[in-house]
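Undergrad: Got a structure here, written out as structure tokens. Questions coming.
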Amino acid sequence: MEIRVLSDILKANEAIAEQNRKKFRERNVVVFNLIGSPGAGKTSVIEAAIERLKEEYRIGVIEGDIATSRDAERIAKLGVETLQINTRGACHLDANMIAAALCEFPYQALDLLFIENVGNLVCPAGYDLGEDAKVVVISVPEGPDKPAKYPLIFRNASLMLINKTDLAPHCSFDAEAMKQDALGVNPSLDIIGLSCETGEGAEEWTAWLRRRMRQRRSDR
Amino acid sequence: MHELSIASNLIDIVKKAVEGKEISRVTSLRIVIGEMSMVVPESLEFAFGVISKGTFVENARLDFVRKPLVGKCLECEKEFAVRDFLFRCPECQSPGVEIVSGRELLLESIECEQG
């Protein structure tokens, strides 16, 4: 006998992600899920944003790593609300981990929440956490072929941050080829180049955040 | 990607679907896998084989229905097979393309024996 099911196999994560999303929207918190390879500069771009925006918005950060609280300690030095999740082996954050974190993290008092995912360009792409947008962080020394090699995350992201642009003279980095690849996968992807080291491009990154904040708030 | 946890989710869904029904054996599961689901059928089959041992779905066969990645142009409405994840209309070159199929990861149906 046949039983028709028609059930999305990943629905368990989707359902919890929607619950997270509802909680964030009820409290007017705008949430960004930062995804990138280990060492791309996810923590650095968050630091750069906090330094420039913390007088305007109440900011918090949820950090995801397999081990250590090093990233959370870096962020905490900037005086913002921080929580470290140690996945102890899981290669990505999922909605359930965020739901559990929200029980002990005062997200209700925030305007802007950054979730820094585990360093990984593959798995985080498919796991909705309840965020407003995914931001993919890549860095110049990684080379220009990431959008072609890891299409799902570039398809699902709203913004690609190209970090470490100050190193471009030392790497044979074809920025135009990479942008063409990225736009081929996702024509509506915003692209910003910056250097957390020199500060170049950081204003563009924070301007993008401000625009998204205004947009979300005016959707109410 | 994460075929083991996906296999585990699959077993949970099957368990719920057969609840309250007089089922003696689950013979097969029909699964729709999209090209852009990033799940590899052979890996899922392997993971399922491992994780279903000793459960009520042990030895169930997985039948895969593979869905290609198909886009639809938002400008000229042409539907086309998306190659190499390039989302550009081959007809009018517009970059505005929505995905019609290819993202699925769905348990469509369960074949089982009553008794």
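Undergrad: Kindly put A:TYR57, A:TYR127 in sequence by how many other C-beta atoms sit within 10 Å of each C-beta, fewest to most.
TA: The most exposed by this proxy come first: A:TYR57, A:TYR127.
Undergrad: Test of understanding: ordering A:LYS54, A:LYS134, A:LYS77 by Cβ neighbours within 10 Å, fewest first, what list do you get?
TA: A:LYS77, A:LYS54, A:LYS134
Undergrad: Here is a follow-up. Under 8 Å for C-alpha pairs, at least 6 residues apart: give me the relative contact order for chain A, rounded to a whole percent.
TA: Dividing the mean separation by the residue count of chain A yields 24 percent.
Undergrad: Between B:CYS76 and A:ASN86, what FRET efficiency comes out of the Förster formula 1/(1 + (r/R0)^6) with R0 = 35 Å and r the beta carbon distance, rounded to 0.05?
TA: The pair A:ASN86/B:CYS76 has a calculated efficiency of 0.10.
Undergrad: For the protein assembly as shown, give me the percentage of DSSP beta bridges that are antiparallel, rounded to the nearest 5 percent.
TA: Taking every DSSP beta bridge with both residues in the protein assembly as shown, the antiparallel ones total about 35 percent.
Undergrad: With an 8 Å cut-off on Cα pairs and a minimum separation of 6 or more residues, tell me the relative contact order of chain B in percent.
TA: Reported relative contact order: 37 percent.
Undergrad: Follow-up question, since we're still on this one. List the equivalent ellipsoid semi-axes of chain B in whole Å, largest first, each obtained as the square root of 5λ for an eigenvalue λ of the Cα gyration tensor. Walk me through the numbers before you get to the answer.
TA: Details: eigenvalues 257, 41, 18 Å².
Equivalent ellipsoid of chain B: 36, 14, 10 Å, largest first.
Undergrad: Report, in whole Å, the centroid distance computed from the Cα atoms of segment A:148-205 and segment A:1-19.
TA: 34 Å
Undergrad: Hey, another quick one. Identify all lysines with a Cα-Cα distance to A:LYS42 below 18 Å; exclude those on the same chain that are fewer than 8 residues away in sequence.
TA: List returned: A:LYS54, A:LYS77, A:LYS134, A:LYS146, A:LYS164.
Undergrad: For a test of the definition: using alpha carbon positions, the gyration tensor, and the 1.5 limit on a/c, classify chain A as rounded, prolate or oblate.
TA: The shape class here is oblate.
Undergrad: Put +1 on the Cβ of each Lys and Arg and -1 on the Cβ of each Asp and Glu in segment A:27-218; which of A:LEU152, A:CYS196, A:PHE173 then has its Cα farthest toward the positive end of the dipole?
TA: Farthest along the dipole direction, towards plus: A:LEU152.
Undergrad: Please report the spacing between the Cα centers of segment B:14-44 and segment A:65-101 in Å, no decimals.
TA: Rounded to whole Å, the Cα centres lie 33 Å apart.
Undergrad: Still on this model: Among A:VAL31, A:VAL5, which comes first, then next, by fewest other beta-carbon atoms within 10 Å?
TA: If I rank by nearby Cβ atoms, fewest first, I get A:VAL5, A:VAL31.
Undergrad: Here's a follow-up. I need the trypsin sites (Lys or Arg not before Pro) found in segment B:40-115, filtered to DSSP loop residues with at most 13 other beta carbons within 10 Å of theirs.
TA: Sites meeting the loop and neighbour criteria: B:LYS53, B:ARG83.
Undergrad: Output wanted: per-residue J couplings in Hz (rounded whole) for segment B:30-38, from phi through Karplus 6.51 cos²θ - 1.76 cosθ + 1.60, θ = phi - 60°, x for Gly and Pro.
TA: Result, rounded to whole Hz: 9, 10, 9, 10, x, 4, 9, 6, 6.
Undergrad: While we're looking at this one, here's another question. Taking 41 Å as R0, compute the FRET efficiency from the Cβ-Cβ separation of A:HIS170 and A:ASP8 and round it to 0.05. Spell out each step's value before the answer.
TA: On the way: r = 46 Å, r/R0 = 1.12.
It comes to 0.35.
Values quoted throughout were computed directly from the atomic coordinates according to the rules given, and no laboratory measurement underlies them. A quick note: this is a predicted structure, and the numbers were derived from the prediction, not measured. Note that each Cβ is placed from the backbone with ideal geometry, even for glycine, and that neighbours are counted across all protein chains shown.
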